[in-house]
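Have a look at the structure below, then the notes.
The values are calculated or read from the model by the stated rules, or taken from the named source; none is laboratory data. Just so it is clear, the model here is predicted, and its values are computed rather than measured. Using ideal geometry, Cβ is built from the backbone for each residue, glycine included, and neighbour counts are taken over all protein chains shown. All accessible areas refer to the heavy atoms of the entire protein, side chains included, with ligands and DNA or RNA removed. Shrake-Rupley method; radii C 1.70, N 1.55, O 1.52, S 1.80 Å.
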Amino acid sequence: MLKMAQRGRRTGILDLTQGEMGTRGTAEDRAQEAAEAAKILRVSWRQALDIPDGRVENTWENKLKVARVIREQRPRVVILPYWKGRHPDHYTASTLGYEACFLAGLAKLDISADAAEAAAGLKAGRPQDTRQDAGATKLHRPFKIIYATLYYDVRPTFVVDITELFEARFQALMAYKSQFSDQEAGKDLFPAQAEIRARIEAMARFYGLLGGVTYAEPFLQKEVGLVEDLMTIPVKSI
């Protein structure tokens, strides 16, 4: 994301929850840390939905919430978590995000604020945000969906060279001080602070080796790739 921002692309992050169930820190801590990480990554916007932390479910209501943001922000590329993982919220977010992207492209689907409230069983009748509602009615479907696979042992479709950005990438992670500072709570789940850099660097070097660079980040796509010129395919075979 930082690499795309440096190239003049508009980027953003949508958090499905506010992290209130986290073993370490509070929702308020998460909000402050997310804002700090967003600055480092130079994202254009960051938003947190109100889906309950620890209970991310692939419901119609939740899909409408995400689809509404897709229509408002109109991304060409969406990056989702890989569809397998330890945390149920993470792998559910993968399916939820994909289906929301599909729904956002349905011309006859109303994803206005009132429609979302109706799906949640709430009363309409509050003053509408006409600017956002107007954006939410314009259908949009992303061109490309890719999956971040760094924390799951699967061979990636491609890797992105982050050699020049590794320090900033690491600082964005360390912005979440409540999660990565040494403390008794969650010590069996989180590595000691002194080990974090070594682990992150080892993973980045491994995927960098696959791509022929120093540090890289892995991603997966479901589609077959398309090549026009065989002479321009990167990464040596032998």
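When Phe206, Phe143, Phe166 are compared by accessible area of protein heavy atoms, the largest-first order is Phe143, Phe206, Phe166, using a 1.4 Å probe. Evaluated at q = 0.17, 0.25 Å⁻¹, a Debye calculation over the C-alpha positions of segment 192-234 (equal weights, vacuum) places log10 I(q)/I(0) at -0.64, -0.91. Stretching Arg7 away from Arg197 to a fully extended chain increases their span by 65.7 nm, per 0.36 nm per residue minus the current alpha-carbon distance.
With 27 Å as the limit on Cα-Cα distance, the pairs of Lys144/Lys177; Lys177/Lys222; Lys63/Lys222 that go past it are Lys144/Lys177; Lys177/Lys222. The slack between Gln47 and Leu209, meaning 0.36 nm per residue of separation minus the straight C-alpha distance, is 54.9 nm.
Using Cβ point charges alone (K and R +1, D and E -1), the dipole size of segment 188-230 about the Cα centre works out to roughly 200 debye. Accessible surface for Tyr215 stands near 30 Å², nearest 10, in the context of the full protein assembly shown (1.4 Å probe). Between Val227 and Asp15, residue separation times 0.36 nm minus the direct Cα-Cα distance comes to 72.9 nm. Between Lys138 and Glu164, the FRET efficiency from the beta-carbon distance, with R0 = 45 Å, is close to 0.75. The label point for Asp29 and the one for Ser237, both projected 7 Å from the Cα toward the Cβ, are 5.1 nm apart.
Using a probe of 1.4 Å, the accessible surface attributed to Leu109 totals some 30 Å² when neighbouring protein chains are kept in position.
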